[in-house]
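Everything on this sheet refers to the single structure shown next.
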């Protein structure tokens with residue numbers, strides 16, 4: 001049966017049938033492929049956070065070792081910049097060459113560039129290759145989100161989005177777990193982490209066989225060619241209502257992105273420092289913190305998607321923004337008990353990281369197919385052209401404000417922007433995708 005016909009037929013789910021029984025194999029395969037693509041993206045992203053300091057010890061001259069935090073921040077910032085560039089390019093290409101083809105290109109690209117990162121010979125070559133990894137990683141999300149949205153039925157689209165988005169957290173979790181075993185293998189351990197990044201290339205063989213191209217996209221692409229439509233990025237801002245909507249989602253995405261980088265990257269060293277003050281192993285407790293935080297993120301990604309299908313995109317997204325704001329001071333100021341901090345980190349991550357699922361759940365329902373991937377790419381990746389500055393100034397902020405907690409609270413105030421912007425977007429739960 002034609003995949004689009006199956007998707008259309010399953011839109012009206014019988015109340016007596018569990019939602020997961022209304023889905024066919026094509027829809028499940030689409031979710032699995034998108035989730036795995038995002039999982040490997042998460043692995044690559046967090047592998048850098050975990051290993052960049054160790055890599056700099058080997059790639060920098062000994063006299064530059066006191067400046068390792070600055071160089072590490074620079075490499076992370078360059079990767080984020082590449083993510084933004086690649087996200088924009090990948091989203092636009094997905095609207096022109098197809099969702100499936102772009103996903104295959106993205107997976108192959110970040111597998112290749114990740115593997116090459118293992119052979120870096122100085123910090124410049126490492127930063128350059130990580131920029132290319134960022135370009136490839138950034139181009140995958142909008143493609144996967146568009147595919148899930150276009151192939152999953154209206155009544156379960158939020159669930160599909162949450163289940164896809166949780167791949168990032170699972171990738172973070174796997175990277176933390178793998179690093180626990182690889183880190184003791186010597187000064188070249190960081191190189192082994194990047195060699196593992198070659199594995200996702202095998203995923204493309206399965207994608208080619210198991211996932212069809214979106215029929216919704218095929219029809220939209222045919223209309224675009226017939227009508228000689230405007231370039232998608234221009235089209236996104238040509239219509240006044242779409243332009244206003246796009247600026248609102250950009251502000252919300254900026255709040256989610258800046259809040260994420262303000263909190264998630266500081267939680268492990270913060271808890272590690274607290275543990276060290278209690279006479280515990282700082283590195284081990286920082287790893288525990290990363291695992292706890294990532295577990296909470298996975299719970300949050302899935303929860304938002306399911307809750308958004310039940311209660312609506314708008315109220316659930318606002319609640320996640322509010323909880324992320326309120327839980328930031330609880331995490332950083334309430335206690336200095338390392339074990340309790342692990343629990344608080346997990347709960348905080350449910351909202352500060354889990355809130356990202358509003359994007360794949362809500363954004364595809366706001367834009368027509370002809371520009372959907374471009375719009376998602378702009379909303380998701382555009383803020384990274386601002387957020388990439390965060391790692392560059394993180395160390396200065398921590399010193400300037402007198403600690404992780406104070407600095408995190410200053411940046412967490414940006415959640416107020418998301419809270420203020422969300423009410424002005426239309427509610428779309430259960431509605432068909434715009435044609």
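The values are calculated or read from the model by the stated rules, or taken from the named source; none is laboratory data. Every value quoted in this text rests on a predicted model; they were computed, and no experiment measured them. Here the Cβ positions follow ideal geometry from the backbone for every residue, glycine too, while neighbour counts run over all protein chains shown.
When segment 181-208 is filtered for residues that are more than 21 Å from residue 112 (Cβ to Cβ) and surrounded by fewer than 15 Cβ atoms within 10 Å (Cβ to Cβ), the ones remaining, listed by number, are 181, 184, 185, 186, 187. Can you name every residue in segment 187-210 that is farther than 30 Å from residue 48 by Cα and touching a helix residue (DSSP H, G or I) at 6+ places or on another chain (Cβ under 6 Å)? Correct list: 210 only. Of all residues in segment 234-243, those that are more than 16 Å from residue 366 (Cβ to Cβ) and in contact (Cβ under 8 Å) with a residue 40 or more places away in the chain total 0. Being out of contact with any strand residue (DSSP E or B) (no Cβ under 9 Å at 6 or more places or on another chain), part of a helix (DSSP H, G or I) and farther than 25 Å from residue 386 by Cα: is that true of residue 287 here? In short, yes. Note on segment 104-129: among residues that are in contact (Cβ under 8 Å) with a residue 60 or more places away in the chain and closer than 21 Å to residue 35 by Cβ, the one that is surrounded by the fewest Cβ atoms within 10 Å (Cβ to Cβ) is 108. Within the option set 168, 132, 177, being surrounded by fewer than 24 Cβ atoms within 10 Å (Cβ to Cβ) and within 18 Å of residue 289 (Cβ to Cβ) holds for one residue only, 177.
When 256, 241 are screened for being in a helix (DSSP H, G or I) and more than 23 Å from the chain's Cα centre (by Cα), only 241 passes.
Residue-by-condition table, conditions (1) within 23 Å of residue 178 (Cβ to Cβ); (2) buried (at least 20 other Cβ atoms within 10 Å of the Cβ); (3) in contact with a helix residue (DSSP H, G or I) (Cβ under 8 Å, 6 or more places away or on another chain); (4) without any contact (Cβ under 8 Å) to a residue 12 or more places away in the chain:
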| residue | (1), (2), (3), (4) |
| --- | --- |
| 39 | yes, yes, yes, no |
| 42 | yes, yes, yes, no |
| 45 | yes, yes, yes, no |
| 51 | yes, yes, yes, no |
| 61 | no, no, no, yes |
| 68 | yes, no, yes, no |
| 76 | yes, yes, yes, no |
| 86 | no, yes, yes, no |
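All conditions in (1) surrounded by 17 or more Cβ atoms within 10 Å (Cβ to Cβ); (2) outside any helix (DSSP H, G or I) hold for residue 212, with the sole exception of (1). Set side by side, the residues 394, 407, 422, 375 differ, and just one is more than 30 Å from residue 219 (Cα to Cα) and at pLDDT 80 or above, which is 422. Close Cβ contacts (under 6 Å, 6 or more residues apart or on different chains) running from residues in segment 339-353 that are free of Cβ contacts under 8 Å to residues at least 40 places away in the same chain and on the phi < 0 side of the Ramachandran plot to residues that are buried (at least 21 other Cβ atoms within 10 Å of the Cβ) and part of a helix (DSSP H, G or I) comprise 344/331.
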